[in-house]
Amino acid sequence: MDEQRVAKQTSEVVRCLFEDVCQPCCIETDSGDSFDPVPIANKLKEISDQLVEDTEFQKALLEFKKAQHEQKAMDAAFSQAVDRVCPPLSAEVTPEMQLIKAAVSLGLYINSQAPKLNREIQRAMNSFLNLRVGQFVAQQGGWDAVEIDHE
């Protein structure tokens, strides 16, 4: 799967993460397949609570709020915060999955603490996921082929 299609999927997954009730929808692909971001967003929401107890999240929230007026600064602050709060790698989980989990957890946590930053958080998360794990997701065959576990 090409990275452009993955970017579209990522955008839909991120949108669903931030909606209280995300309606099932299907994105038609060139090959005639369809993609529904709802189950992926639901799985990611389930695992996001695992990291929010970390004190680094409070520091990340402050940094993100400071950068809220400039998108590039926000993207950089979000990326740095994810790197800081990303849990130590275990042999069973790929570095990309650790980044996905940390990014989703951080984004949803920041949104819960600063809902006025919702759009900025979505843009920063979308940018981060595309830049840092987009190629990985494409290699897996798209978001619906990525194995998201609850551990």
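In this label model, Ala114 and Arg84 are separated by 1.2 nm, measuring between points 7 Å along each Cα→Cβ vector.
Where in the range 34-48 does the amide nitrogen come within less than 12 Å of the point 7 Å from the Cα of Lys8, taken along Cα to Cβ? It comes to 34-36, nothing else.
Tell me, in nm to one decimal, what length is gained between Leu131 and Glu147 on full extension, where the rule is 0.36 nm per residue of separation less the Cα-Cα distance? The partial results should precede the final answer.
Details: separation 16, 0.36 × 16 = 5.76 nm, distance 1.93 nm.
My answer for the length gained is 3.8 nm.
We did not get these values from a lab; they are worked out from the coordinates using the rules stated. Small disclaimer: the values here were computed from a predicted structure and weren't measured. Ideal geometry is used to build each Cβ from the backbone, glycine not excepted, and the neighbour counts take in all protein chains shown.
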